[in-house]
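Worksheet: the structure to be examined is printed underneath.
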Amino acid sequence: MPKKSPPPFPLTMDVEFIDRLGEPVRDRKARSVSAIIRTALERYDFANVVVLHPVQVQISVRLPAEIRKTLRKVARSKHTSEGQLVRAAVEAYLPELEAAPPPEAKRPRRQRPLKNR
């Protein structure tokens, strides 16, 4: 009986990285992207691996129903998360906000002296 192959192992990687993995295959230095990954994993010393995770904080924002509906619709059509869309929108808006002059400071109101009764 033939040996059963293992099930696929799904990975999420940046498109640029996957393109980089394809170069050795095109140059015939490797049989496939899967072969590159298998060999790399067999050779890698996991004892000293350091994985950096950017610190993230979850916040809550009140959004109008129409904006939420638009986010959901666009996220589905672009095959991305609503969070990615929010980040893209904020990153596009921040330079405009940062370049704007600060609002003029309001002068503090002078308090009237209390009248004697």
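Over all pairs of different C-alpha atoms in the chain, the reciprocal of the mean inverse distance, the Kirkwood hydrodynamic radius, equals 21.4 Å.
From helices alone, the chain scores -15000 deg cm²/dmol at 222 nm; the rule is -39500 (n - 2.57) for each run of n ≥ 4 DSSP H residues, then divide by the residue total.
Given a Förster distance of 22 Å, report the FRET efficiency between residue 14 and residue 75 from their Cβ-Cβ distance, rounded to the nearest 0.05. E between residue 14 and residue 75, to the nearest 0.05, is 0.75.
The gain in end-to-end length when the residue 91 to residue 48 segment is fully stretched comes to 12.0 nm, 0.36 nm per residue minus the alpha carbon separation.
Taken along the Cα-to-beta-carbon direction at a fixed 7 Å, the label points for residue 111 and residue 23 span 6.9 nm.
Where a number appears in this text, it was derived from the coordinates with a stated rule and is not lab data. Here the structure is a predicted model, which is why all the values come from computation and not from measurement. Every residue, glycine among them, receives a Cβ derived from its backbone with ideal geometry; neighbour counts consider all protein chains shown.
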